[in-house]
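Report on the structure given below.
The values are calculated or read from the model by the stated rules, or taken from the named source; none is laboratory data. Keep in mind that this is a model prediction, so the values were computed, not measured. Cβ sites come from the backbone with ideal geometry, for glycine too, and all protein chains shown count toward neighbours. Ligands, DNA and RNA are stripped out before the accessible areas are found, and what is left, the full protein with its side chains, is counted by its heavy atoms. Shrake-Rupley method; radii C 1.70, N 1.55, O 1.52, S 1.80 Å.
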Amino acid sequence: MAPGISYDESGSLASYFGVTFLALVLIPWTLKATRPTNKETLKPLCPCPQCSTSPRRISSIKSTKRKRRFLKKAIPLAIGWLLFGYLCYSLSQAPALEGETIYNPFEILGLSDSSTEKQIKKHYKKLSLQFHPDKLKLSGNQTKEDAESKFVELTKAYKSLTDEVTRENLAKYGNPDGPQQREDKIAIPQWVVEGKNSIWVLGAYGLVLGGGIPWIVGRWWFAQRKLTRDGILNPTAEIFFHQLREDTDFFSLISLIASALEFTAVLGAKKKGSKKERKERQSKIDDLEKVIEQRRSEIGLEESPLMKKENKVIITTAVAKRTRALLWAHLLRIDLNDHQLESEKLAVLRVTPPLLAALLNISLAHNWLATSLLCIKVQPSLVQAVPDDVSPLAQLPDITPEKGAELQIVNKAEGVRWLEKWIKTEKKDISLDALTVAKYWPRLEVIDAEFKVAGESLVTPSSIVDLTFKCRYVYPTTPLSLLSKPKPLLPNGDLKEENATPDSVADVENSVSKAEVDNEKATPADLKEKIVEKVAERSEIGTKGKEPKKIEVPPNGFAHAPYWPQLRKPHFYVLLGDSKLDKVIVPPVKITDIPLPKPDGTPSEAKEFSLQFQAPPQANLYSFVAHWRSDSFLGCDVQVPIMLKVEDAPAEDEIVDDDDDDISEPEEDTLAGQMAMMRGGKVKPSAVHGSNDDDSEEDEEEEGESSDEEGPKRVRAYNEDSDTDSD
């Protein structure tokens, strides 16, 4: 050991270190474990009784899981606090370390701090006669060495109060003997480094460094390696990759989901138990499969005849068979009448979201359009507990699939506005809850969609294109007059506003003249002044109108999903596809927080979203289909045929720069032209007031060239002739 360094024989420093370390760990851990869970801030999209009680229902489902998690955290926390308390108690009982107390000669001599030098000498003389080793009578437990050390201590204290040198040492160094050698103690008890304990200490170090740390790092590493980016097991992703096909139907997709190995952790523990219990569980699943088959035949659900037989997914394990039965029981809303099966069904449903996301990503990797849309459609089917090819009216309370199909045929509730048509018809034997949910059932309305290239007038090959679209929610009770209508297009692709403000001086002149008819006749100077003011006012309005509006939309609430074990916030997948080739052109993006209707039921202002992609490498007219697919509602999907025109960039010699001419000679109809005329300057003749044929033709050509160069050109995304909401 180096000089000035020693081990802590009492173990107090090690206890201080342990208390500090445990406090830094236990306090934040305890606060996190005992912190109350944040309440859901989402509000229901409809005021039905089922949605109002959904938060309590979800909370009751999660309560058991929370209790288990709390118990897992409470046991190590309790052990940690017990150890913390033991260390604190040992510190309170441990003797004070050397150097912790301040040397006080008055305390050693038994005098007060205000004693005079005469009193000190008198008291010391008395103590020296009492404790001098030659005159002291030793007691039974006292030795001569103890008496000598006591007398030396009294003498040192007396000198520190009477001798100037000793008093100076005490004041300067805190010790009457002068400066002392500094001794630092290591916070390791001495018994740890003693030779007789070296084997045990080395064994503990080897166990921690050679076994504990590699085990922790290896566990973290292999836990990361066994999961994909979608958060599913690698063997599950391998199963999905090999068994997902381009012609996979709804039945095979449910079986493929049931084949995931994640369900082994959820249902695999049920294998334990006696042989009799396992047979009983298997018999329940067999009976449930018979009920499912009967129910599917009643509804008329059949496998797709287009799917090849060799591509069908075959269930091989008992866990997958059990999972498939529970999924179909959920889709068909079969009452299981068994608490254990109900809890297993809810556990299975909570595992499905990452599996569906992984299936969608695998399908998108192959660019399969139909399979990708089917993977998206399975999500609202599970959320609403309604299988594929069933009337969307079955999502409403107290409406079975058979009754929904009947109502859809009788009331002709088909097409995009199937719910609006059903709401307007006479309804018999329909519950009040179903009508309440139907009135507040949101439908996505896409108002406009167009292609834009930033800073370019054309969509050139391989350029970065933004498909911007505006959408909002509308209710089935929204009047048709308030829904979006097609708007005429200007030559440059911009939409013409219904109440567009005139930009020409001629229009302003006419409006001013009409205003002056009823009043006294104005002079030409007054009229010219009014024209200038009017043009300036209109130009300001036009500039303000071109600024994009930022719409702040409050977060959407949770959807009506009484059979889903979680609160579901609705989202929409937006993608571009080619239906003829069955290929995905642009992968989907998810959008949410779409504007809901106002409290009075009228539509809110639409919010703009964008889908960015790279244009095709060749100039041509491309025909795509834009899909908006819901992950929470059935029958709310929107698809719009769109046209993308890709043109080659114009040559440099075709671009004419007339900026200098425009600046030197402003047009007569502009505000700058009117100001130039007042100053007697030159202006270009206006087509409104008439000009020579040759000049007008040249001006028209110049205006045509300049109009092509103005601002980013926006290409209309879909034709005005195609009305997607006509159904």
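Non-local amide H neighbours of residue 571 (under 5 Å, H modeled in plane, Pro and chain starts lacking H): which ones?
Amide H neighbours of residue 571, under 5 Å, 5+ apart: 631, 632.
Multiply the residue separation of residue 33 and residue 578 by 0.36 nm, subtract the distance between their alpha-carbon atoms, and state the gained length in nm to one decimal.
Here the segment from residue 33 to residue 578 would lengthen by 191.1 nm.
For residue 410 paired with residue 304, estimate the spin-label separation in nm (one decimal), with each label point 7 Å from Cα along the Cα-to-Cβ line.
Spacing of the two 7 Å Cα→Cβ label points: 3.3 nm.
Sort 111-121, 285-295, 230-240 for me by packing, meaning the mean count of neighbouring Cβ atoms within 10 Å per residue, highest on top.
230-240, 285-295, 111-121
So what J values fall out for the range 586-598 if you push phi through Karplus, 6.51 cos²θ - 1.76 cosθ + 1.60 with θ = phi - 60°, rounded to Hz, Gly and Pro as x?
My calculation for the range 586-598 gives 10, x, x, 10, 9, 10, 8, 6, 7, x, 8, x, 6 Hz in order.
Return the distance in nm (one decimal) between the two label points of a simple spin-label model at residue 279 and residue 227, each offset 7 Å from Cα along Cα→Cβ.
Placing both labels 7 Å beyond Cα along the Cβ direction yields 4.1 nm.
When the chain is fully extended, how far beyond the present Cα-Cα distance does residue 79 get from residue 342, taking 0.36 nm per residue of separation?
Answer, rounded to one decimal: 91.1 nm.
Report the gain in length on full extension from residue 316 to residue 620: 0.36 nm times residue separation, minus Cα-Cα distance, nm rounded to one decimal.
So the chain would gain 104.5 nm between residue 316 and residue 620.
Report the Cα centroid-to-centroid distance between the range 370-448 and the range 199-228 in angstrom, as an integer.
After rounding, the separation between the Cα centres reads 55 Å.
I need the calculated FRET efficiency for the pair residue 56 and residue 266, taking r as the beta carbon distance and R₀ as 25 Å, to the nearest 0.05.
0.55
Sorted by accessible area with a 1.4 angstrom probe, largest first, how do 164, 414, 647, 145 fall?
164, 145, 414, 647
Could you order the peptides 623-636, 580-593 from most to least packed, using the average number of other C-beta atoms within 10 Å per residue?
Numbers: 623-636: 21.0, 580-593: 15.3.
Going from most to least packed, we get 623-636, 580-593.
For the full complex of protein chains and a 1.4 angstrom probe, list 677, 307, 643 by accessible area with the highest value first.
Of 677, 307, 643, the descending order of accessible area is 677, 643, 307.
Of the accessible area of the range 598-642, with the probe set at 1.4 angstrom, what percent is carbon plus sulfur?
46 percent
Determine ³J(HN,Hα), in whole Hz, for all residues of the range 325-339 in sequence, where each value follows from phi through the Karplus function 6.51 cos²θ - 1.76 cosθ + 1.60 and θ = phi - 60°; x replaces Gly and Pro.
Karplus-based 3J(HN,Hα) across the range 325-339 equals 5, 5, 5, 5, 5, 5, 5, 8, 6, 8, 6, 7, 6, 8, 5 Hz.
For the range 259-358, what is the charge dipole size about the Cα centre, in debye to the nearest 20, if Lys and Arg each add +1 at the Cβ and Asp and Glu each add -1 at the Cβ?
Result for the range 259-358 is approximately 460 debye, rounded to the nearest 20.
Which residues' amide hydrogens lie under 5 Å from the amide hydrogen of residue 583, considering only partners 5 or more residues apart or on another chain, with H built in the peptide plane?
Amide H neighbours of residue 583: 369, 578.
Residue 200 versus residue 608, label points 7 Å from Cα toward the beta carbon: distance in nm?
Distance between the two pseudo-spin positions: 7.6 nm.
Distance cut-off 21 Å, Cα to Cα: go down the list 284/309; 412/470; 72/321; 73/345; 403/428 and report the pairs above it.
The answer is 284/309; 412/470; 72/321; 73/345.
Let me cross-check residue 312: its accessible surface, 1.4 Å probe, with only protein heavy atoms counted, in Å² to the nearest 10?
My reading of the accessible area for residue 312 is about 80 Å².
Quick one: which residues, 5+ away or cross-chain, put their amide H under 5 Å from the amide H of residue 668? H built at 1.01 Å from N.
Long-range HN contacts for residue 668: 684, 686.
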